[in-house]
Amino acid sequence: MTTKLALYNRSLLYCKERSLASLTEDREPRRLLDEVYDQGGIEACLEEGLWKFATRGVKLDYDTSLTREFGYQYGFEKPTDWQKTVSMCSDEYFRTPLIDYMHENGFWYADLQCIYVRYVSNDTLNGYALGSWPKSFANYVAAYFAEQIVGKLTGDATTIAAVMQRHEDNRKIAKGNDAWNQPQMQPAPGAWSRSRRDQGRGSDFGNRGSLIG
């Protein structure tokens, strides 16, 4: 299970720095890590993928206070914990993608009165739930933090290069593992397949219990 202290110490390990005993230890590495954390370090990592563990789905009804003179008629305010859109659909089962919509100034606009959105969330139950992070994502965030501070901690070019490579490697591993967690999706049947299927309904294609069929 990841904690903030564990995240910091993993970053320092990548930088070849001594670990912290606590989050209040009066050392420059801790202050640098706090700066990355407070300035959106985790959000930067969440933006890099469509992370399953951080994704939530919501139904949004249109905002009656939003009016438009032309174009899409209904406006929807983005959730405050929105980080990145995974899918936007017109049905609650997320089977019918919504293609006709517009994103403008923190709002989505469409010609439907309600929409269904799955998105990467940065709230404390999803993206910011450090204790629920997959290990590979925790390693990726630690490497990102390390890359942000390593140049201020050391002038050793070899260490800096190793941290940069670690960041890239951990990012690829985390995204690869996350992709494997995607359930297998069956493609929607095409018009020809649906037609063939519908033609078969109501017909037994001959009486198999009879010699003449």
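The values are calculated or read from the model by the stated rules, or taken from the named source; none is laboratory data. Here the structure is a predicted model, which means the values were calculated and not measured. We place every Cβ from the backbone using ideal geometry, glycine too, and count neighbours over all the protein chains shown.
Assorted remarks:
- Condition check for Asp81: closer than 22 Å to Phe145 by Cβ and among the charged types (D, E, K, R): yes
- Pair list, Cβ under 7 Å, 6 or more apart: the range 149-161 residue of a type in the set (D, E, K, R), other residue surrounded by 12 or more Cβ atoms within 10 Å (Cβ to Cβ): Lys152/Leu32
- Helices (runs of 4 or more DSSP H) lying entirely in the range 1-98 (those with 1 or more residues that are out of contact with any strand residue (DSSP E or B) (no Cβ under 9 Å at 6 or more places or on another chain) and more than 21 Å from Ala174 (Cβ to Cβ)): 28-38
- Residue within the range 108-125 that is in a helix (DSSP H, G or I), aliphatic (A, V, I, L, M) and modelled with pLDDT of 95 or more present: no
- Among all positions in the range 82-105, there is no residue which is touching an Asp or Glu at 6+ places or on another chain (Cβ under 9 Å), assigned by TED's automatic domain parsing to the domain that holds Thr64, on the phi > 0 side of the Ramachandran plot and at pLDDT below 95.
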